[in-house]
Amino acid sequence: MCRILMANKEFVNKTSKEEMLVFLDQLQKSCGGHGNGLAFVTKGEVVFSYKAIDLTNEDIVDMLYHKKTKKPDWFFYHTRVASAGSIKSENCHPYVNETNDFMLQMNGTERDFGLLGKDRDVTDTQIIFEIYNKTGYDIAGLRLLTPRFMGL
């Protein structure tokens, strides 16, 4: 199971860069390490996101605490365990749509959706993201699945 952090601006502002790095490292060590991702959300829009298998927690805190970076309303972090889909940057979370108004990252595995993505070597989360993004289903339906979701 992966690890997720969702932090508001107040938490980011009161947490030092060093403390945040220790926190992210603990999340990664407890159940992650197959790739990391982040998203900055302001006024309900994803203003920045990046994910990669070689994205380090040091890189992430450098981006978050860079003096030219305006602190986002929300900071999302995801460290992945490759339970569905291979270890590659495209399979890291979060998934963000083209209009930057819907983002999804997941903690847990939905095996049935993982099986749907197996032939394409994509994650269960990507399959779920594509279904919700393309169909416009109400995201409240995500509550019915067993993993824990964070989405906009």
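The values are calculated or read from the model by the stated rules, or taken from the named source; none is laboratory data. Values in this document were obtained by computation on a predicted structure and should not be read as measured data. Neighbour counts are summed over all protein chains in view; Cβ atoms, including those assigned to glycine, are modelled from backbone coordinates with ideal geometry. For accessibility, only protein heavy atoms count, side chains too; no ligands or nucleic acids. Shrake-Rupley method; radii C 1.70, N 1.55, O 1.52, S 1.80 Å.
Quick look at the numbers
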quantity: Among residues of region 45-73, those that are within 16 Å of Ala7 (Cβ to Cβ) and of a type in the set (Phe, Trp, Tyr), counted; calculated: 2
quantity: Close pairs from region 17-38: first closer than 15 Å to His66 by Cα and modelled with pLDDT of 95 or more, partner aliphatic (A, V, I, L, M) and open to solvent by 40 Å² or more (accessible area, probe 1.4 Å), Cβ under 9 Å, at least 6 apart; calculated: Leu38/Met63
quantity: Within region 106-133, tally of residues that are under 21 Å from Gly37 (Cβ atoms), of a type in the set (D, E, K, R) and in a helix (DSSP H, G or I); calculated: 2
quantity: Leu55 vs. criteria in contact with a strand residue (DSSP E or B) (Cβ under 7 Å, 6 or more places away or on another chain), closer than 11 Å to Thr123 by Cβ and not polar (S, T, N, Q); calculated: no
quantity: Residue list for region 40-65, restricted to those being under 15 Å from the mean Cα position of the chain (by Cα) and small (Gly, Ala, Ser); calculated: Ser49, Ala52
quantity: Some residue of region 110-121 being within 19 Å of Val46 (Cα to Cα), open to solvent by 60 Å² or more (accessible area, probe 1.4 Å), touching a residue at least 24 places away in the same chain (Cβ under 8 Å) and in contact with a helix residue (DSSP H, G or I) (Cβ under 9 Å, 6 or more places away or on another chain); calculated: no
quantity: Residues of region 134-152 classified as in a helix (DSSP H, G or I), surrounded by fewer than 17 Cβ atoms within 10 Å (Cβ to Cβ) and hydrophobic (A, V, I, L, M, F, W, C), total; calculated: 3
